[in-house]
Amino acid sequence: TFGHLDDCIVIFIMTPSFRKPLEQKIMWRVRVCIIGGGRVGAIHLKALLDPTNNFTVTSIVDDSPSPAVIEIVSRYPDVSIKGQTFMDDVILGSDVVLIATPTFLHAEQIIRALGHGKHVLCEKPLVMNLDDVNRVYGLG
C-alpha cells in the first residue's frame, strides 16, 4: 500500500496473513525481534519492553550492540543479544521483525524476513533506490 504524507512517501509492507481480519481480542503476546542494536534499536527496545503493551522482545541481532542496548537487556533476562550469524534463527522465533539498521542493509534484511513469512517493521528510509523498492514491495 502506498500513501503520501506531505513531501514524504510512506510505504507499508504487509504479509498476506496480515490482511486477514484480526480477532476481537488478542489473547497472545506478539513476539518481536529487533535487527540493529544501535541508538534507534535502543529506542524501539525500550518502547517494546513497556509492560502495558502486548509485545515480547525475543532478541536483538547485532554483532556490536550499543552500551544503551546492553544496559537495557541486562535488566530483562528473557531478552538476548545475538550476532548476525544467528539472524535466521532469531527471525524464525518471532512474529514480527523490526529493522533498525543503516539504510543500505534494509532491502536484504526485509527480503530475508519476508522470506520467512514474518511481518516487517522498518525504519525510514525504507531502502536506498527504486530497484530495491520494487524488489521489496513485490514480496510484501
Query raised in the report: With Cβ to Cβ distances under 13 Å as the rule, what net charge do the other residues near D95 carry (K, R +1; D, E -1)?
Result: +3
Requested in this report: Kindly report, to the nearest 10 Å², the accessible surface of R112 as traced by a 1.4 Å probe over protein heavy atoms only.
Outcome: 90
**Report entry** Computed over the range 31-140: relative contact order in percent, which uses C-alpha pairs under 8 Å that are six or more apart
**Finding:** 27
Requested in this report: Could you work out how far the C-alpha centroid of the range 42-90 sits from that of the range 91-130, in angstrom?
Outcome: 16
Report task. Any chance you could look up the accessible area of T56 with a 1.4 Å probe, heavy atoms only, rounded to 10 Å²? Result -> 50
Requested in this report: Report F86's accessible area, 1.4 Å probe, all protein chains in place, as a number in Å² to the nearest 10.
Outcome: 100
Query raised in the report: Tell me, what is a quarter of the convex hull surface for the C-alpha atoms of the range 50-140, in nm² with one decimal?
Result: 6.3
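The values are calculated or read from the model by the stated rules, or taken from the named source; none is laboratory data. Just so we're clear, the structure is a prediction, and the values are computed from it rather than from any experiment. With ideal geometry, Cβ positions are generated from the backbone for all residues, glycine too; neighbour counts draw on all protein chains shown. We work out accessible area using only protein heavy atoms, side chains counted, and drop any ligands, DNA or RNA first. Shrake-Rupley method; radii C 1.70, N 1.55, O 1.52, S 1.80 Å.
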